[in-house]
């Protein structure tokens with residue numbers, strides 16, 4: 001479900017990309033974290049723009065909280081910085097390291113796409129990335145995803161329109177599943193303008 005990004009020109013300043021994370025601020029501002037990640041690497045907006053193919057003016061608006069950003073674009077920026085999308089979310093450590101209770105789920109909301117991503121794994125350092133995706137009626141991803149590993153989908157309720165490069169769009173209903181290489185460009189959207197869509201998405205490698 002993610003997209004690939006280009007390497008950061010100054011990433012060698014740190015010995016470990018995974019350690020270059022920024023703690024989520026109390027208000028959960030995505031823009032605040034993105035600005036902190038950029039400044040920690042001593043990068044200009046122009047350099048990030050060149051590495052992600054996203055305009056510097058748009059990146060500036062996102063950092064200032066004046067514009068929303070789609071999940072696809074956000075993942076491109078996070079991959080450019082060498083960190084996980086999960087690093088944007090508050091750390092909700094539960095009492096059991098192997099269990100995530102419903103109230104402990106970490107949530108990322110995309111107003112621009114009308115969708116929510118709920119992390120179902122206890123922490124982001126494990127290889128597999130299980131997620132619950134919830135789409136509002138008529139909503140969907142605006143950017144094609146592409147990443148390493150395999151991706152598995154299982155529709156819980158509603159109707160999913162799955163677009164895979166080289167194939168006609170497929171409609172999946174509750175109980176249907178799909179599995180495909182993550183590097184095959186793919187797009188997910190709600191096939192109904194009246195009902196919500198909920199599905200399980202599992203990426204076999206830590207792409208977020």
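When you check residue 31 against the structure, is it buried (at least 17 other Cβ atoms within 10 Å of the Cβ), farther than 26 Å from residue 182 by Cα, modelled with pLDDT of 85 or more and not assigned by TED's automatic domain parsing to the domain that holds residue 143, yes or no? Quick ask: steps written out before the conclusion?
Numbers: buried (at least 17 other Cβ atoms within 10 Å of the Cβ): yes; farther than 26 Å from residue 182 by Cα: yes; modelled with pLDDT of 85 or more: yes; not assigned by TED's automatic domain parsing to the domain that holds residue 143: yes.
When the stated conditions are applied, residue 31 passes them.
Yes or no: region 71-80 includes at least one residue that is in a loop (DSSP other than H, G, I, E, B), outside the structural domain of residue 147 (by TED's automatic domain parsing), under 24 Å from residue 120 (Cα atoms) and modelled with pLDDT under 90.
No.
Please note which strands (runs of 3 or more DSSP E) are completely contained in region 93-208 and include at least 2 residues that are surrounded by 14 or more Cβ atoms within 10 Å (Cβ to Cβ). It would help to see each step written out before you state the result.
Values: elements: 106-110, 115-119, 129-135, 150-157, 159-164, 170-173, 177-181, 186-190, 197-203.
Passing ranges, in order: 106-110, 115-119, 129-135, 150-157, 159-164, 177-181, 186-190, 197-203.
Would you please list the contacts, defined by Cβ atoms under 6 Å and residues six or more apart or on different chains, that run from a residue in region 50-63 that is assigned by TED's automatic domain parsing to the domain that holds residue 36 and more than 16 Å from residue 36 (Cα to Cα) to a residue that is exposed (fewer than 15 other Cβ atoms within 10 Å of the Cβ) and modelled with pLDDT under 95?
Hits for this filter: 51/6.
The values are calculated or read from the model by the stated rules, or taken from the named source; none is laboratory data. Just so you know, these numbers come straight off a predicted model, no measurement behind them. When we count neighbours, we look across all protein chains shown, and the Cβ atoms used for this are built from the backbone with ideal geometry, even at glycine.
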